[in-house]
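One structure is given below, encoded as structure tokens.
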Amino acid sequence: MAGNIKIVVCKTSEEVAKKCAGMFIEQVRNKPASVLGFATGSTPEKTYAEIARLSKAEKVSFAKVTSFNLDEYWGLDGDHDQSYRYFMNDKLFNHIDIRTWNTNVLNGKARFPAVECQAYEDKIVSVGGVDLWILGIGNNGHIAFNEPGSPVDSRTRLVSLTQSTIESNSDGRFFKNANEVPRCALSTGIGTIRDAKKLVLLATGAKKADAVAKAVEGAFSPDVPASLLQDHPDCTFILDTDSASKLKK
């Protein structure tokens, strides 16, 4: 089953980035004070570069935008070059006119993680909720750091990373080896993500094909966290041909 999920298949990862970036530019053009949700990792990098390019080319200002990120490594300061705050500044925020004080990333050095997570939830509510949130998908179907088994109504919290997630982040793209990867993270919950008005999930490459197929056509189950988006009223998966290769025709 696919539920309500809309599927867009592009030929290349570059086309995926252009399609997704166009959705964000349209959102901000139509509502300058939009609340946007962002993700990290290698998949959205091209999208962020395209958002920055389009923002300049089409004179779309992000000055009134508020943003929230999905997650942050527990124990990493925002100045650490593998923190998600650093990633977002480097890949997007420094290249558009968004106000730094309107960008929200969980504090990986917060003394009391439960307090930090509840404050994050409260702030999302206080600004009226997220209008559009970009997501990635892990090889095991996780979204943000919601690993298999995460409840559909889970909220922002401190989580432990699975060995497969640790290994996928230690292949040289980010951390040099598994010993460097933090074992915990602060992550928005599946319930938090599902509250967004619109969701767009990106996947590229053959390694994501199994997870995409299970998320779209498999059971609605915590065993594949991305499958818990099936009943969202406005969720789009933007895929390249490789990541879409195991979907039924």
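The values are calculated or read from the model by the stated rules, or taken from the named source; none is laboratory data. Everything numeric here is computed off the predicted structure, so don't read it as measured data. Here the Cβ is made from the backbone with ideal geometry for all residues, glycine too, and neighbour counts use every protein chain on show.
What number of residues within segment 161-203 satisfy the criterion of being in a strand (DSSP E or B) and modelled with pLDDT of 95 or more?
Pass one, segment 161-203, residues in a strand (DSSP E or B): 184-187, 198-203.
Narrowing further to those that are modelled with pLDDT of 95 or more: 186-187, 198-203.
Qualifying residue count for the region: 8.
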Checklist entry - Considering segment 45-75 alone, what residues qualify as being out of contact with any Gly (no Cβ under 6 Å at 6 or more places or on another chain) and assigned to a strand (DSSP E or B)? => result Thr66, Ser67, Asn69, Asp71
Checklist outcome for this item: Residues of segment 27-58 being hydroxyl-bearing (Ser, Thr, Tyr) and closer than 22 Å to Ile137 by Cα, in sequence order, are Thr40, Ser42, Thr43, Thr47, Tyr48
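Against the condition on the phi < 0 side of the Ramachandran plot and touching a residue at least 24 places away in the same chain (Cβ under 8 Å), how does Glu14 come out, does it pass?
On the way: on the phi < 0 side of the Ramachandran plot: yes; touching a residue at least 24 places away in the same chain (Cβ under 8 Å): yes.
Here the answer is yes, as Glu14 does meet what is asked.
Return yes or no: is Gly78 within 18 Å of Tyr120 (Cα to Cα), outside any loop (DSSP other than H, G, I, E, B) and among the small types (Gly, Ala, Ser)? Please lay out each step first, then the result.
On the way: within 18 Å of Tyr120 (Cα to Cα): yes; outside any loop (DSSP other than H, G, I, E, B): no; among the small types (Gly, Ala, Ser): yes.
When the stated conditions are applied, Gly78 does not pass them.
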Checklist entry - For residues in segment 6-44 being β-branched (Val, Ile, Thr) and crowded, with 21+ Cβ neighbours inside 10 Å, which is nearest to Phe93 (Cα to Cα)? => result Thr40
Item to check | Checklist (1) at pLDDT 95 or above; (2) closer than 28 Å to Gln118 by Cβ applied to Leu76, failing item | outcome: (1)
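Answer yes or no as to whether Ser83 is touching a Leu at 6+ places or on another chain (Cβ under 6 Å) and closer than 22 Å to Lys198 by Cβ.
On the way: touching a Leu at 6+ places or on another chain (Cβ under 6 Å): yes; closer than 22 Å to Lys198 by Cβ: no.
So Ser83 fails the test.
So, in segment 110-130, how many residues would count as being more than 24 Å from Thr43 (Cα to Cα), outside any helix (DSSP H, G or I), at pLDDT 95 or above and out of contact with any Ser or Thr (no Cβ under 8 Å at 6 or more places or on another chain)?
Total satisfying the criteria: 3.
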Checklist entry - Among the residues of segment 121-163, how many are of a type in the set (D, E, K, R), farther than 24 Å from Gly75 by Cα and in contact (Cβ under 8 Å) with a residue 40 or more places away in the chain? => result 1
Checklist outcome for this item: Going through (1) modelled with pLDDT of 95 or more; (2) more than 18 Å from the chain's Cα centre (by Cα) one by one, Leu158 fails only at (2)
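Taking the condition of a type in the set (A, V, I, L, M), under 26 Å from Ser227 (Cα atoms) and within 17 Å of the chain's Cα centre (by Cα), does Met88 pass? Steps first, please.
Details: of a type in the set (A, V, I, L, M): yes; under 26 Å from Ser227 (Cα atoms): no; within 17 Å of the chain's Cα centre (by Cα): yes.
Here the answer is no, as Met88 does not meet what is asked.
Hey, among the residues in segment 179-233 that are hydroxyl-bearing (Ser, Thr, Tyr) and over 17 Å from Ser160 (Cα atoms), which one's surrounded by the fewest Cβ atoms within 10 Å (Cβ to Cβ)? It would help to see each step written out before you state the result.
If we filter segment 179-233 for residues that are hydroxyl-bearing (Ser, Thr, Tyr), which is where we start, we get 187-188, 192, 204, 221, 227.
Then drop every residue that is not over 17 Å from Ser160 (Cα atoms), which leaves 192, 204, 221, 227.
Values: Thr192: 27, Thr204: 25, Ser221: 16, Ser227: 25.
So the residue we want is Ser221.
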Checklist entry - Restricting attention to segment 45-67, and to residues there that are crowded, with 24+ Cβ neighbours inside 10 Å and under 14 Å from the mean Cα position of the chain (by Cα), which single residue is nearest to Glu14 (Cα to Cα)? => result Thr47
